[in-house]
Amino acid sequence: MSKLSNAVSIHPYFEIREGNLEAFTALMPAFVEKTSAETGCVYYDFFRNENTASCREAYIGAEGVLAHLENVGELLGKFLELSDLARLEIHGSAAEIDKLREPLAELKPTFYVHEVGIELPLG
């Protein structure tokens, strides 16, 4: 079993408020820079469709998720001054999701618990 077996992915969707698109997108590189130093990060990317932005991100276990949120907390606060968190999905195993329910409750995420799948070797 690899480290990815307990990976948790996060899928936030931000509705950027009128007039804030430039300021919002200007913050994205700062998120990437801070996240690139995290040892528990598997991948981290931003996407945008007009005034909706999304981040595709995954971490090794719930601990990686919580470490990331602590690391980027100040930047996330700035994002939320410019946008609304329209939706937040957390995907992972039942054991990892259970570790996140209480710490993330304030963000009101939708939790998706892994049922079945395949994990291919990397490389």
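No value in this document is a laboratory result; all are computed from the given coordinates. This one's a predicted model, so the numbers in the text were calculated from it and none came from an experiment. Heads up, the Cβs are rebuilt from the backbone with ideal geometry, glycines too, and the neighbour counts pull from every protein chain shown.
For R56 and K108, the difference between the fully extended length at 0.36 nm per residue and the C-alpha to C-alpha distance is 16.9 nm. Separation of segment 7-65 and segment 81-98, taken as the distance between their Cα centroids, equals 12 angstrom.
Can you give the charge dipole size of the chain about its Cα centre, rounded to the nearest 20 debye, using +1 on the beta carbon of Lys and Arg and -1 on the beta carbon of Asp and Glu? It would help to have the intermediate numbers written out before the result.
Values: 10 positive and 20 negative charges, 26 e Å.
Taking the Cα centre of the chain as origin, the dipole is about 120 debye.
In percent, rounded to a whole number, the relative contact order of the chain is 34, using alpha-carbon pairs under 8 Å and six or more apart.
Of the residues I90, A30, I16, the one whose Cα sits farthest towards the positive end of the charge dipole of the chain is I90 (charges of +1 on Lys and Arg Cβ, -1 on Asp and Glu Cβ, taken about the Cα centre).
Write down the Kirkwood hydrodynamic radius of the chain, to one decimal in angstroms, obtained as one divided by the mean of 1/r over all alpha carbon pairs.
For the chain, the Kirkwood estimate is 15.1 Å.
Tally Lys/Arg at +1 and Asp/Glu at -1 over every other residue whose Cβ is under 12 Å from the Cβ of C55; what's the total?
My count for the surroundings of C55 gives 0.
The calculated FRET efficiency for F47 paired with E115, based on their beta-carbon distance and R0 = 30 Å, is about 0.75.
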